[in-house]
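In what follows, a single structure is set out as structure tokens and then discussed.
The values are calculated or read from the model by the stated rules, or taken from the named source; none is laboratory data. Note that this is a predicted model, so its numbers are computed, not measured. Neighbour counts are summed over all protein chains in view; Cβ atoms, including those assigned to glycine, are modelled from backbone coordinates with ideal geometry.
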Amino acid sequence: MITATAPLTDIGHWARGSGLEVVMLVTGALLLTRFATWLGNRVTTRIDVQATSADRVVRTEAAKHRHAVTQVITWVTLVVVYCLTAVLVLQRFGVPVTGFVAPATILGVALGLGAQRIVQDMLAGFFIIAERQYGFGDLVRLMVNGGASGGSTGTVEEVTLRITRIRTSSGEVVTTSNSQIVQVVNLSRDWARAVVDVPIPATADLTRVNDVLNQVGVEAYADEALHDLFLDPPSVMGVESMDLDEYKIRVVARTQPGRQFEVGRTLRARIGTALLREGIIVPTDLDTAAPTSS
């Protein structure tokens, strides 16, 4: 039970009583938050080590979710400790906390109206984590209200109840409020797909071209350096489109999550080299179609 605080006129008595309690409370809060931060970092580090030792190619979905949950729990713990310490310190200073109930209610309503975005961010962040839409290490494309039509694509570095932070391929860090995210394209969920559309001159023998592309897929799948990136051998889907002077033949490969870009670049290089050996000149617009995760 909390006793009444001595008047501040007796500084010496207050310092030996409530003053000492204030120092202990503040010190305890600092130590507890430092411990919570250290423990959170320790847990996330262990998750990363276990995920790496279990699968050197891709982080498991469970590891991503545990990493995100650990970050959120650490953040919530720090907020609770700081708020509780502030209330206890005010009581030690003789401030009647119960007298703030009515003003706090009014202030809460005002803050609720003015801080709706923060509440929306936290609710959105809760559902992102609870539904496992994405987690730490996922490769995602975020569509944002009022943002560019193509969205932002990058690797998730941090997920909290309020924000999502990703790093793009060019090294830029993009921080987005969770409530502003209207659509998430997860490019590293379960498995991904690299799609290569190969433009072939209309004069080329399509049967021979198909044989060459199938052989490229077999050799790429058999390559020890690439084998772990594939889930199955690349397949030739056939003619995707026809123009006046060229055909486009689509090659599809199912890959480990997040590795579709690397696989696409490798297949383009191998396809271009193989066709050149056959005397087939590939136009310079040989490119990888938009990668997908399903």
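Grab the strands (runs of 3 or more DSSP E) fully contained in the range 161-245, keeping just those with 3 or more residues being touching a Ser or Thr at 6+ places or on another chain (Cβ under 6 Å).
Passing ranges, in order: 163-167, 192-201.
Among the residues of the range 182-203 satisfying the criterion of being more than 13 Å from the chain's Cα centre (by Cα) and among the aliphatic types (A, V, I, L, M), which is nearest to V69 (Cα to Cα)?
Once the filter is applied, the top-ranked residue is V182.
I'd like the residue in the range 38-55 that is among the small types (G, A, S) and out of contact with any helix residue (DSSP H, G or I) (no Cβ under 6 Å at 6 or more places or on another chain) and, out of all such residues, is modelled with the highest pLDDT.
S53
Residue check: is A220 more than 30 Å from H67 (Cβ to Cβ), touching a residue at least 24 places away in the same chain (Cβ under 8 Å) and of a type in the set (G, A, S)?
yes
Yes/no per residue for (1) in contact with an Asp or Glu (Cβ under 9 Å, 6 or more places away or on another chain); (2) at pLDDT 85 or above; (3) over 30 Å from F136 (Cβ atoms):
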{"residue": "L187", "(1), (2), (3)": "yes, no, no"}
{"residue": "D197", "(1), (2), (3)": "yes, yes, yes"}
{"residue": "T207", "(1), (2), (3)": "no, yes, yes"}
{"residue": "A225", "(1), (2), (3)": "no, yes, no"}
{"residue": "L229", "(1), (2), (3)": "yes, yes, no"}
{"residue": "P233", "(1), (2), (3)": "no, yes, yes"}
{"residue": "E240", "(1), (2), (3)": "yes, yes, yes"}
{"residue": "D245", "(1), (2), (3)": "no, no, yes"}
{"residue": "V263", "(1), (2), (3)": "no, yes, no"}
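Just one of T175, T164 is surrounded by fewer than 18 Cβ atoms within 10 Å (Cβ to Cβ), under 14 Å from the mean Cα position of the chain (by Cα) and at pLDDT 90 or above; which is it?
Of the residues listed, the single one that is surrounded by fewer than 18 Cβ atoms within 10 Å (Cβ to Cβ), under 14 Å from the mean Cα position of the chain (by Cα) and at pLDDT 90 or above is T175.
Given G258, G171, which one is at positive phi and touching a strand residue (DSSP E or B) at 6+ places or on another chain (Cβ under 9 Å)?
From the options G258, G171, the qualifying one is G258.
Do we find that L276 is modelled with pLDDT of 85 or more and over 17 Å from E240 (Cβ atoms) in this structure?
yes
Considering only residues that are in contact with a Leu (Cβ under 6 Å, 6 or more places away or on another chain) and not aliphatic (A, V, I, L, M), look in the range 235-267 and name the one that is nearest to D211 (Cα to Cα).
Residue satisfying both the conditions and the ranking: R254.
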